[in-house]
Amino acid sequence: MKGLGNFKMAKKDIKQTVQELLMQADIQINGKRSWDIKVINQGLYSRILAGGILAIGEAYMDGWWECTALDQLVDKVFKEKLDTKIKISKGLLWDSIKARIVNQQRKSKAYVIGERHYDTGNELFKLMLDKRMNYSCGYWKNAKTLDEAQEAKLDLICKKLKLKPGMTVLDIGCGWGSLAKFAAEKYQVKVVGISVSKEQVKLARELCKGLDIEIRLQDYRDLKEKFDGIVSVGMFEHVGYKNYQQFFKVVDQCLKDEGLFLLHTIGSNQSVKFVSPWMNKYIFPNGMLPSATQITKAYEGIFKLEDWHNFGTHYDKTLMAWHKNFNQNWDKIKIYYDQRFRRMWNYYLLTCAGAFRAHRNQLWQIVFSKLASQIDYESIR
């Protein structure tokens, strides 16, 4: 079966082509199963043919098609690699070329992601996330609820960093201060947290008030101080492959000789240089998922690898919990957003859940030590 991009056909043939492609993943158009697609607007087929992956997401936002369980649909699509058979639009080709020429994550663009995503509104995230406001994968090994999974993740990070009272910790991409607050309260450490989101910094300072925590609006490239331990959770996805090595060099310069660095990041099975066009346009501008190869090349000669922990399937559960919270609280959220935003946000959460379920994406916690360090590290799970 050829991909959509290889077909030149009349409009009457487009529907049949799409149907044949979807059948490879046991997906039916206007079928009765939860993962089947219901077409609302018959112009969907030519729209997909013309616009590819970006058009699929935009058509969903516009209500041109429905699916009872979008996460199940995406799981099937990725397992059969149907996304590789959809026409590559001119826009996607341009994104690919631009990513190779231009540093989309250069310092002058550092605050774009904060303004366009994390500043979306603190109320939205309060109603969607756990009580501590963790916007990253929970650790569900022994957890039954989202709150338990997120607290287990925070404690796991602190244990992996071997935190002790009196230590100084740097949190790169601190979000709303959940890890900083947990580490300060439970492990009696001093924390400096940085973020490029004004809204995050504002609320984080309120939530961490009274603790030995400093929250800054700052780009990682402006860091100068030394710390006993450094952590970065869910921020490396915004660094960009052109800056990976610089990121590790900054961390190395800020880490004391016997300190540990923990990197918590979503990972890609393949090396890529740009994010999906829909995700780039509507959710994470200039985002990029690192591969294992890209990470190892970037830290080589700077750090020693102590531990590499993958629990990507836990992100599926986390995203589905966020999706449940988002929709259960929609009556409160809709004060700030319209129905198109609701469809966009559901598409974001459910397609990501499906991607992790299909093992298309991974979640890594990686622990590093300095090259000259003499740490006897034992992996913690």
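The values are calculated or read from the model by the stated rules, or taken from the named source; none is laboratory data. Please read all numbers here as calculations on a predicted model, not as lab measurements. Here Cβ is always computed from backbone atoms with ideal geometry, including for glycine, and neighbour counts include all displayed protein chains.
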Residues of segment 15-35 classified as out of contact with any strand residue (DSSP E or B) (no Cβ under 7 Å at 6 or more places or on another chain) and not in a helix (DSSP H, G or I), total: 9
Being at negative phi, small (Gly, Ala, Ser) and at pLDDT 95 or above is the filter here; which residues of segment 55-70 pass it? GLY57, ALA59, ALA69
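Just the residues that are of a type in the set (Lys, Arg) and over 20 Å from VAL201 (Cβ atoms), please, taken from segment 132-153. Walk me through how you get there before you give the answer.
Residues of segment 132-153 that are of a type in the set (Lys, Arg), as a first pass: 132, 141, 144, 153.
Across segment 132-153, the qualifying residues are LYS141, LYS144, LYS153.
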Within segment 209-242, how many residues turn out to be basic (Lys, Arg) and not in a loop (DSSP other than H, G, I, E, B)? 3
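Out of the residues in segment 123-166 that are basic (Lys, Arg) and within 15 Å of LEU262 (Cα to Cα), which is surrounded by the most Cβ atoms within 10 Å (Cβ to Cβ)? Quick ask: steps written out before the conclusion?
Keep residues of segment 123-166 that are basic (Lys, Arg), which gives 126, 131-132, 141, 144, 153, 159-160, 162, 164.
Next, from what is left, pick out any that are within 15 Å of LEU262 (Cα to Cα): 153, 159-160, 162.
Working: LYS153: 29, LYS159: 12, LYS160: 24, LYS162: 18.
Within segment 123-166, the match that is surrounded by the most Cβ atoms within 10 Å (Cβ to Cβ) is LYS153.
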If THR120 satisfies every condition in (1) under 17 Å from the mean Cα position of the chain (by Cα); (2) of a type in the set (Val, Ile, Thr); (3) surrounded by 22 or more Cβ atoms within 10 Å (Cβ to Cβ) but one, which is the exception? (3)
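Determine whether LEU203 is part of a loop (DSSP other than H, G, I, E, B), modelled with pLDDT of 95 or more and either surrounded by fewer than 22 Cβ atoms within 10 Å (Cβ to Cβ) or assigned by TED's automatic domain parsing to the domain that holds GLY57 (or both).
Numbers: part of a loop (DSSP other than H, G, I, E, B): no; modelled with pLDDT of 95 or more: yes; either surrounded by fewer than 22 Cβ atoms within 10 Å (Cβ to Cβ) or assigned by TED's automatic domain parsing to the domain that holds GLY57 (or both): yes.
So LEU203 does not fit the description; no.
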Among the residues of segment 342-362, which ones are surrounded by fewer than 19 Cβ atoms within 10 Å (Cβ to Cβ), touching a Phe, Trp or Tyr at 6+ places or on another chain (Cβ under 7 Å) and part of a loop (DSSP other than H, G, I, E, B)? ALA358
For segment 291-314, which residues satisfy the criterion of being under 24 Å from ASN243 (Cβ atoms) and of a type in the set (Ser, Thr, Tyr)? SER291, THR293, THR296, TYR299
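Mind telling me which of the residues ASN286, ASN280 ends up being in a helix (DSSP H, G or I), of a type outside the set (A, V, I, L, M, F, W, C), touching a residue at least 12 places away in the same chain (Cβ under 8 Å) and buried (at least 18 other Cβ atoms within 10 Å of the Cβ)? Give the derivation first.
On the way: ASN286 fails: in a helix (DSSP H, G or I).
Among ASN286, ASN280, only ASN280 is in a helix (DSSP H, G or I), of a type outside the set (A, V, I, L, M, F, W, C), touching a residue at least 12 places away in the same chain (Cβ under 8 Å) and buried (at least 18 other Cβ atoms within 10 Å of the Cβ).
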Those residues that are within 25 Å of LEU263 (Cβ to Cβ) and exposed (fewer than 13 other Cβ atoms within 10 Å of the Cβ), I need them from segment 297-341; list them, please. GLU300, GLY301
